[in-house]
Amino acid sequence: LADHATQPLQREPLLVFRSLDGGSTWSETPVTLGTGHDRPMLVADRSRADRRGWFYLVSSRSIRGEGGAPREAVFVVRSRNGGQTFDEPRALTPNNLVLRAEPPVVARDGTLVIHYVEAGQHVDGPRPQRELLRRRAFVLHSHDGAATFSAPRFVTEACGPPGFATAALV
């Protein structure tokens, strides 16, 4: 998340640089994945030989929903070629609460597990009137490489105070 000369009209876009030599040198021109991201995380898919070079980038992202209303989404995008290109991103918005993505997991069978925490407040309405809620954790599963996702599955309300990360439950 940074300003970059190749993206002069975007403020702090999410940029992806590639290294083909283990990190000694990096691409000069990044792939941009837009703005509004928070806490981007990567997970490699090493479940099968045909998924060599696959990885998923997950973040929390501010977006505009219906009628331009602010929304918080769990952003998921897949690369199937080591970051040269990315498939169409997914913005998962299961409700109108502030969502915080947690580190993703790829299980041995290739299932992508995305977990997130509802940060305890509604996105809608003026800030002073936002209702504080319990922080709840949920998981989503994808058995087809992030093409589709399960309905959110409730995990716990024992998430601790804001900023306290939950443990991944697979």
Next item on the list: Hey, could you check the stretch 96-107 for residues that are at pLDDT 95 or above and outside any strand (DSSP E or B) and say which is farthest from residue 19 (Cα to Cα)?
Entry: 107
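This table checks each residue for (1) open to solvent by 30 Å² or more (accessible area, probe 1.4 Å); (2) in contact with a helix residue (DSSP H, G or I) (Cβ under 6 Å, 6 or more places away or on another chain); (3) polar (S, T, N, Q); (4) within 21 Å of residue 117 (Cα to Cα).
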position: 13; (1), (2), (3), (4): no, no, no, no
position: 16; (1), (2), (3), (4): no, no, no, no
position: 22; (1), (2), (3), (4): yes, no, no, no
position: 25; (1), (2), (3), (4): yes, no, yes, no
position: 34; (1), (2), (3), (4): no, no, no, no
position: 39; (1), (2), (3), (4): yes, no, no, yes
position: 42; (1), (2), (3), (4): yes, no, no, yes
position: 53; (1), (2), (3), (4): yes, no, no, no
position: 56; (1), (2), (3), (4): no, no, no, yes
Checklist line | Hits in the stretch 70-92 - residues which are open to solvent by 40 Å² or more (accessible area, probe 1.4 Å) and of a type in the set (Lys, Arg) | finding: 71, 80, 90
Next item on the list: Can you work out which of the residues in the stretch 58-69 that are open to solvent by 30 Å² or more (accessible area, probe 1.4 Å) and among the hydrophobic types (A, V, I, L, M, F, W, C) is farthest from residue 81 (Cα to Cα)?
Entry: 69
Next item on the list: Please enumerate the residues belonging to the stretch 62-95 that are at pLDDT below 90 and part of a strand (DSSP E or B).
Entry: 62, 63, 64, 70, 71, 72
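The values are calculated or read from the model by the stated rules, or taken from the named source; none is laboratory data. Please read these numbers as outputs of a predicted model, since none were measured by experiment. With ideal geometry, Cβ positions are generated from the backbone for all residues, glycine too; neighbour counts draw on all protein chains shown. Areas reflect the complete protein model, heavy atoms only, side chains present, ligands, DNA and RNA absent. Shrake-Rupley method; radii C 1.70, N 1.55, O 1.52, S 1.80 Å.
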